[in-house]
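Written out below as structure tokens is the structure these notes cover.
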Amino acid sequence: MRALLSNSALWLPLSVAFGVQLYKMLAFWVQNGRIEFRVLAQAGGMPSSHAAMVSSLVTAVGYQYGLDSGLFAIAVALAVIVMYDARGVRQESGKQARVINQILQTFFSGHPLTEAQLKELIGHTTLQVIVGSLIGVFYTLIYLFSRDWI
């Protein structure tokens, strides 16, 4: 049990993802004047908690086991898949869902479908993924370096 509780390659990614989601909830509160706990479980938005989590994992594994380890290679492959999905696949799925909703709305209410209505995204933009990744790397490095220097 002690090994599990001291596993920084597990707890750092989880804590940075939770921290990013908490930031999004607080940002929502500042913008809208009300606390919405459901924001903690929502995907999308700035920054990407998915990218923060997997970049933290890559950083922790690389730091602990070396950049030439098989574990690091697995973590990098996982991070690429997750960030690609967060940026590309979910974003496109969101666009398709929005188009389908607009088609249904048009079919039932007679309102025309326009291209401007397709700009809202469910996934992440490239900038959101990059910022999330940087947060994950810096958060993890700051923790690991400070832990080793103390």
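The values are calculated or read from the model by the stated rules, or taken from the named source; none is laboratory data. Keep in mind that what you see is a predicted model, and the values were worked out from it rather than measured. Surface areas here come from the heavy atoms of the whole protein model, side chains and all, with no ligands, DNA or RNA. Shrake-Rupley method; radii C 1.70, N 1.55, O 1.52, S 1.80 Å.
Key figures for this structure:
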read-out: Accessible area of residue 83 in the full protein assembly, 1.4 Å probe (Å², nearest 10); value: 50
read-out: Segment residue 67-residue 29, length gained on full extension (0.36 nm per residue, minus Cα span); value: 9.7 nm
